[in-house]
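Computed from the coordinates by the stated procedures, all read-outs in this text should not be read as laboratory data. If you're wondering where the values come from, they're calculated on a predicted model, not measured in any experiment.
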């Protein structure tokens, strides 16, 4: 396996995204960060974008430090003609002692084999409610 966590025989961007998600599940910051291009953009759409690999690294390290369990599951995945990969996922994790489970749609755009842009779309209110340990009915 290479430093980026991508095996040399991995040729499709789908395989790269699957390895990327596996690295999250393993809590492997080095493999996650290595997947990004130097000028990459990471954007959780309800929040401001993070630009540049160094800034992304800090964000990812902070997230991993805050999560005590991670179980991201890809429900559907597809690669477009331009090489971008769309994922439908359920991102489950424990943060602040609260179990969170979020349906997420994500897009990964690539350049020269690295992630150039990663954007995830999810319901921020659902995340905040779960983090606070409340439900919509409360």
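Assorted remarks:
- Distance from the Cα centroid of the range 39-55 to that of the range 75-110 is 15 Å (rounded to whole angstrom).
- Checking [x] 25, 16, 14; [y] 74, 10, 8; [z] 20, 18, 17 against semi-axes √(5λ) of the Cα gyration tensor in Å calculated from these atoms, the matching label is [x].
- Choice from 37, 80, 29 with maximal GNM fluctuation in the chain (Cα, 10 Å cutoff): 80
- Between 46, 38, 103, the residue with the greatest mean-square fluctuation in the GNM of the chain (Cα pairs under 10 Å linked by springs) is 46.
- Taking 0.36 nm per residue of separation and subtracting the current Cα-Cα distance, fully stretching the chain between residue 26 and residue 68 would add 14.0 nm.
- Once the chain from residue 76 to residue 132 is taken as fully extended at 0.36 nm per residue, the excess over their C-alpha distance is 17.3 nm.
- Among 47, 95, 105, the largest mean-square fluctuation in a Gaussian network model of the chain, built with springs joining Cα atoms closer than 10 Å, belongs to 47.
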